[in-house]
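The values are calculated or read from the model by the stated rules, or taken from the named source; none is laboratory data. Because the structure is predicted, anything quoted here is derived from the model rather than measured. Reconstructed Cβ throughout: ideal geometry from the backbone, glycine too, with neighbour counts over all protein chains shown. Quick note on the areas: whole protein, heavy atoms, side chains included, nothing else; ligands and nucleic acids left out. Shrake-Rupley method; radii C 1.70, N 1.55, O 1.52, S 1.80 Å.
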Amino acid sequence: MSTATAIPPTQTRTWQTLCARDDLVAHSGVAAWLDGTDTQVALLYLPGRTPEIYAVANHDPFSNANVIARGIVGDIKGEPVIASPLYKQHFRLSDGVCVEDESVHLRTWEVKIDGDRVMIRV
Amino acid sequence: MSKQRLIIIGNGMVGHHLVEQLIACGAPRDYAITVFGEERHIAYDRVHLSEYFSGRDADSLALASADDYAAHGIDLRLHDTVTAIDRDANEVVTESDRHPYDRLVLATGSYPFVPPIPGNDREKCLVYRTLDDLDAIREAAEDATTGVVVGGGLLGLEAANALRGLNLDTAVVEFAPRLMPMQVDAEGGTLLREKIEALGVQVLTDRATQRIEAGETSFHRMVFQDDKMLETDLIVFSAGIRPRDQLARDCALEIGERGGVVIDDRCLTSDPAILAVGEVALWNQSIFGLVAPGYQMAKVAAATLTEGDATFTGADMSTKLKLLGVDVGAIGDAHGDRTPGARTFRYLDELKQEYRKLVVSSDGKKLLGAMLVGDNATYDTLMQYYANGLALPDDPASLILPSSEGAPTLGPDALPDTATLCSCHNVTKGDVCATLDAGALDLASVKDETRASTGCGGCAALLKSVVDHELAARGVEVDQSICEHFAHTRQELYSLVRVEGIKTFSELLEKHGTTAGHGLGSSSAPKLGCDICKPAVASILAACFNEPITDAAHVPLQDTNDTFMANMQKNGTYSVVPRIPGGEITPEKLIVLGEVGKKYGLYTKITGGQRVDLFGAQLHQLPDIWGELIEAGFETGHAYGKATRTVKSCVGSTWCRYGVQDSVGMAIRLEERYKGLRSPHKLKFAVSGCTRECAEAQSKDVGVIATEHGWNLYVCGNGGMRPRHAELFATDLDDEQLIRTIDRFLMFYIRTADRLQRTSVWRENLEGGLDYLKDVVLDDSLGLGDELEAQMQHVIDTYECEWANTLSNPEKLKRFRTFVNDSRPDPDIIATEERGQLRPA
Ligand code: SRM
Ligand SMILES: Cc1cc2nc3c(=O)[nH]c(=O)nc-3n(C[C@H](O)[C@H](O)[C@H](O)COP(=O)(O)OP(=O)(O)OC[C@H]3O[C@@H](n4cnc5c(N)ncnc54)[C@H](O)[C@@H]3O)c2cc1C
Ligand code: SF4
Ligand code: FES
């Protein structure tokens, strides 16, 4: 549970540009900073699928290293997942939940590709 | 009606099995069960006790948890010794209390016999039976360099292996004229001794220890009958076991002449309120020092207690062991001295160090016993002949003679339904078939249902072959799919790629992947593959076509280490390992390594593979670092890939007074030839300049040792988790023959191995074994020789340093950014200084 912030989050949610489409690597991940925060986001790009991009936290809760973007993207029974490159746990891209231990999850964000820009909703 | 009170004394393997059997037949409804265990630990797998020294801990050896007991209302009292049984009051007495019983079971097992030698109570005189014993040994070994095991039987040799594992110079002292006198005869004993001595364990037979006293150079001195002496730092007694029958003696139950609580066919002692099971029980004048008979007794005892009817009718003492890596098998009347008129057949190969003996009935029709030393490949088959009384072939000797087809096997088909597959849980082939008929579809569910192969594990291979065979007979395909995305094995994927010339993962997935669709999520979306099939296919594609793994089509398939061509460390940084072929390096290059390490603040270490590892680089630093290294003439070392790693060398004839060939030159030639080759698992090589073997070639996938006339080639060795000596494959090869043989060998491995299967494991699973491999590679029995060589030549011709390729391509370099929208380093990577270098904080 995160503690309540002064302003209700829904009201301040806006789409913000994160990086260029060109920065993405097809069928794989890259990491980006969330502007003005100390949060790292892993962007997973699956061209040809809907949705074609996912954003989950780059921090791996099992190893405590910032490495999620460098894992292998795949699917388990059709459900897209990313495997942590260190100890290989799988996280669902849709909701960040760890397949091996459902009590653990990665934070997720709404993202979209708008022309040449990758946008994230914060 | 109030419940009867049942007390079980002893929570060892058999006591625990009894509890399981009681639960299985619903006994907790009628009995209030209390279990007393003297040890601190809940029942654990004593059979695999030695694994406590090779990586397993008490938890993983445990057979159950306290919660399992509690869940069935069983009162488990560990670390609580029963000190007496009061049969008049029907009570057991512990140190602190008295507990009434209606029925009582003795499952107290046995204790290691320590011969009455003066000095046997000195400090660092230990035994080998419990987890606590092993802790004591480990502690005593800390400041010891030598160890002696008194007793050269089964458990003694196991203890010797443990001492070796603790890095002690180890000796075994046996009273009898040979090792394992119970299981093997003089010839087998000699062979066993040679093999064990070759492992560096000293063997002293015919030695009675007279006394143990303080040593001069070591902690102890052992003095033998002839006043000879042996100094050692610690002693483990393993001179046999004795039943723990003291409680029974004290309350005047009937005891055998040489110990053991006498039981009848229903496991009842002379007092029908009391039963005994396991190693403490004496049935028909015999103690059974193995777990399988104990389990059978437990089953019988459970039936007796719940008014079922089952009887114990004796048990087979056949054993199949691997002691210090040496196979030993004894079946039935292995010595041939129990049946009049029995005839024996013997086969001894002093070169391969194998000995096999058959004992057959006077008419030659039935197998009465067998003895194997050095190779247990024939054990399962012989055991089936023996246990099921199958008629022997006309020439029984054929069962033990070497044959080009490898060890003879009795197909699962030939076994009758009554054949016992698993003696621990008494499971027959018929039982297995029944579970399959009832709907079990794979090995795991057969194991769950019947519990076959969950005891000592000795029947695993046989069970699998029966299950596979029976499933096939029922038209069920045995699923060997690599993962959910392909219904193929790695070998099949390899052939598909080769035959159809498929060059990308997506094409392979499209043509041969399982159909998309089932499951949750976006069900109509195309499948993506996963972290199992992607790297496996990437490796196959690289071995076949050798396109750079950093090409856009291949990069998402790679494990992170291959993607970034560096090994990821636990904090997300990477290590850099340039290739140093054969370990030879110029001073100039060494200086460059030093300069790069210093400039980028990298921790620097000499590796076990004769090269230098630079640790702690962040993702975005890798291109700069490699730019400088490549400038200085280095290439990538593939330390990150399932690929050729290093070719270790010794200095060889150029400098060494013993060298007979230029081992450095050959090592460099091999490393230059096979660098960049991707394979199912990593490949390590070594070349030694003479038989002194300073390069440790016999622990490598490919080992080369110089001879006066050329090179001896060894294959399929392994260090690591499960070390395996490489096997001599071909002798006195000239340079060109050597290279051609290695080309073929490696390509055949790449073609047929499973994913992540090193050459050692591949070889162990290869049907037909080393002989078959020789046929294929040396004699070209499959006619594949030219093809394999050509495939290797393609990989060699298309080699390109992956790092050089990447540095010349701006598109590929984009991947090496810690963050795509900012050039800051990762602030969470914090280093601290230790011994003058940085390490992760
Ligand atoms: C650096 C080094 C240790 C050292 O400081 O000396 C090392 C380090 C690693 N070894 Fe090793 N091994 C190193 C020599 C060895 C050796 C000795 C040798 O090659 O002579 C062995 C035993 C020989 C053998 O492989 O048969 C060895 C047996 C293993 C194993 C067990 C393999 C097995 O079959 O059981 C693993 C695990 C695996 O590969 O699955 C492993 C895995 C690893 C990994 C890659 C673990 C990982 O996935 O992160 C380590 C990371 C290295 C890094 O980050 O740079 N390493 N490793 C050595 C690098 C040699 C080189 O120059 O490339
Ligand atoms: C190193 C080693 C390797 C072995 N390898 C094999 C093998 O490969 N194959 C095989 O078949 N067998 C093997 N065995 C033998 C096998 O472990 C035994 O046959 C089996 O453990 C016997 O079970 P048990 O329950 O009768 O005795 P145990 O397992 O010894 O259990 C008896 C328990 O009772 C407890 N106890 C005794 N007295 C009391 C008391 N008064 N109050 C409370 N508790 C008490 C003891 O502390 C002990 O925990 C091996 C044994 C050892 C030590
Ligand atoms: S293996 Fe032989 S040639 Fe090589 S260094 Fe050792 S002794 Fe010298
Ligand atoms: S024979 Fe021991 S587990 Fe099957």
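Going toward the positive end of the dipole of the protein assembly as shown, with +1 on Lys and Arg Cβ and -1 on Asp and Glu Cβ, which of B:538, B:435, B:282 do you reach last?
Going by the charge dipole, the pick is B:538.
Working out 0.36 nm times the residue gap between residue B:246 and residue B:809, then minus their Cα-Cα distance, what length gain in nm do you get to one decimal? Display every interim value, and only then the final one.
On the way: separation 563, 0.36 × 563 = 202.68 nm, distance 8.01 nm.
Additional length available on full extension: 194.7 nm.
Let me have the relative contact order for chain B, percent, based on Cα pairs under 8 Å that are six or more residues apart.
7 percent
When you count, for each residue, the other Cβ atoms within 10 Å and take the mean per peptide, how do B:419-432, B:816-829, B:616-629 rank with the highest first?
So the order, starting with the most tightly packed, is B:419-432, B:616-629, B:816-829.
State the answer as a single residue: which of B:801, B:719, B:702 lies farthest towards the positive end of the charge dipole of region B:663-804, with beta carbon charges of +1 for Lys and Arg and -1 for Asp and Glu, about the Cα centre.
The residue sitting farthest along the positive end of the dipole is B:719.
Evaluate the relative contact order of region B:88-214 (contact order divided by residue number), counting alpha-carbon pairs under 8 angstrom at least 6 apart; express in whole percent.
21 percent
Would you list the P(r) distribution for region B:733-841, with all Cα-Cα distances sorted into 5 Å bins from 0 and each bin expressed as a whole %?
Result returned by the calculation: 2, 9, 13, 12, 11, 9, 8, 8, 10, 9, 6, 2, 0.
For region B:176-331, take the alpha-carbon Rg, divide it by the Kirkwood Rh, and send me Rg/Rh.
Result: Rg/Rh = 1.09.
Report, as an integer, the average count of C-beta atoms from other chains found within 10 Å of each Cβ along B:825-837.
Counting Cβ atoms of other protein chains within 10 Å of each residue's Cβ and averaging gives 1.
Please average, across the residues of A:19-26, the number of beta carbons from any other chain that are within 10 Å of each residue's own beta carbon, and give a whole number.
The shielding value for this peptide is 4.
Straight distance only, please: which aspartates and glutamates reach the Cα of residue B:366 with their own Cα at less than 14 Å, same-chain residues fewer than 8 apart left out?
Partners within reach: B:333, B:394, B:395.
Rounded to the nearest 500 deg cm²/dmol, what is the calculated helix-only ellipticity per residue at 222 nm for chain A, with -39500 (n - 2.57) per DSSP H run of length n ≥ 4?
So the calculated ellipticity at 222 nm is -500 deg cm²/dmol.
Starting from the coordinates of the alpha-carbon atoms of region B:641-776, obtain the Kirkwood hydrodynamic radius over all distinct pairs and give the value in Å to one decimal.
14.6 Å
Counting Lys and Arg as +1 and Asp and Glu as -1, each charge on the Cβ, what is the dipole of region B:637-759 about the Cα centre in debye, to the nearest 20?
The dipole magnitude comes to about 740 debye.
For the protein assembly as shown, report the accessible area per residue in Å² (1.4 Å probe, heavy atoms, rounded to an integer).
On the way: 42780 Å² over 963 residues.
So the protein assembly as shown comes to 44 Å² accessible per residue, rounded to a whole number.
Provide a list, ordered by number, of residues in region A:59-95 showing at least 40 Å² less accessible area with every protein chain present than when their chain is taken on its own, using a 1.4 Å probe.
A:66, A:70, A:72, A:75, A:77, A:86
Using a simple charge model, +1 on the beta-carbon of Lys and Arg, -1 on the beta-carbon of Asp and Glu, nothing else, what dipole does the protein assembly as shown show about its Cα centre, in debye to the nearest 20?
Roughly 1260 debye for the protein assembly as shown.
What is the distance in Å between the Cα centroid of region B:1-80 and that of region B:159-207?
Here the two parts' Cα centres lie 35 Å apart.
Principal axis lengths of region B:323-419 from Cα atoms, whole Å, largest first?
Sorted from largest, the Cα extents of region B:323-419 read 34, 32, 24 Å.
Going down the list B:570/B:648; B:365/B:429; B:464/B:648, which pairs span over 30 Å between their C-alpha atoms?
Table pairs above 30 Å Cα-Cα are B:464/B:648.
Taking the protein assembly as shown on its own, what percent of its Cα-Cα pair distances exceed 47 Å?
Tail fraction, whole percent: 40.
Toward the positive end of the charge dipole of chain A, about the Cα centre and with charges on Cβ (Lys, Arg +1; Asp, Glu -1), which of A:118, A:105, A:74 goes farthest?
About the Cα centre, the residue reaching furthest to the positive side is A:118.
Quote the charge dipole size of chain A about the Cα centre in Debye, to the nearest 20; the model charges only the Cβ of Lys and Arg (+1) and of Asp and Glu (-1). Walk me through the numbers before you get to the answer.
On the way: 11 positive and 15 negative charges, 22 e Å.
Computed about the Cα centre, the dipole is about 100 debye.
Per residue and in cubic angstrom, what volume does the convex hull of the Cα atoms of chain A have?
113 Å³
Would you kindly calculate the translational diffusion coefficient of region B:633-682, applying Stokes-Einstein with the Kirkwood radius from alpha carbon pairs, for 37 °C and a viscosity of 0.692 mPa s, and quote it in µm² s⁻¹ without decimals?
So the translational diffusion coefficient is about 274 µm²/s.
When the convex hull of the C-alpha atoms of region B:577-642 is computed, what volume per residue in Å³ does it have? Before the final figure, lay out the partial values.
Working: hull volume 5.7 nm³, N = 66.
Hull volume normalised by residue count: 87 Å³.
Within the accessible area of region B:711-830, what % is carbon and sulfur when the probe is 1.4 Å and the other protein chains stay in place?
49 percent
I need the semi-axes of the equivalent ellipsoid of region B:583-718: take the C-alpha gyration tensor, multiply each eigenvalue by 5, square-root it, list largest first in whole angstrom.
Over the Cα atoms of region B:583-718, the ellipsoid semi-axes are 30, 17, 12 Å.
Tell me the mean residue ellipticity at 222 nm calculated for chain B from its helices only (DSSP H runs of n ≥ 4, each -39500 (n - 2.57), averaged over every residue, nearest 500).
Counting only the DSSP helices, I get -8500 deg cm²/dmol.
State the Kirkwood hydrodynamic radius of region B:763-818 in Å, one decimal place, computed from all pairs of distinct Cα atoms. Let's see the in-between values first.
On the way: mean 1/r = 0.0678 Å⁻¹.
In region B:763-818 this quantity evaluates to 14.7 Å.
Roughly how far apart, in whole Å, are the Cα centres of region A:46-122 and region B:668-686?
Here the answer is 35 Å between Cα centres.
What number in nm² do you get for region B:16-58 if you take the convex hull of its Cα atoms and divide its surface by four?
Average projection, Cα convex hull of region B:16-58: 3.9 nm².
Mind checking how much accessible area A and B bury in total, 1.4 Å probe, in Å² rounded to 100?
Its buried surface, counting both partners, is about 3100 Å².
Out of every Cα pair in chain B, what percent are spaced more than 48 Å from each other?
Of all Cα-Cα pairs in chain B, 33 percent lie more than 48 Å apart.
Within the accessible area of region B:1-53, what % is carbon and sulfur when the probe is 1.4 Å and the other protein chains stay in place? Please list the in-between numbers first.
Numbers: 1010 of 2070 Å².
Its accessible area is 49 percent carbon and sulfur atoms.
Mind checking the mean number of beta-carbon atoms from other chains within 10 Å of the Cβ atoms in A:28-40?
Per-residue shielding by partner chains comes out at 4.
Determine which lysines satisfy two conditions relative to residue B:527: a Cα distance under 20 Å, and not lying fewer than 8 residues away in the same chain.
A:77, A:88, B:503, B:511
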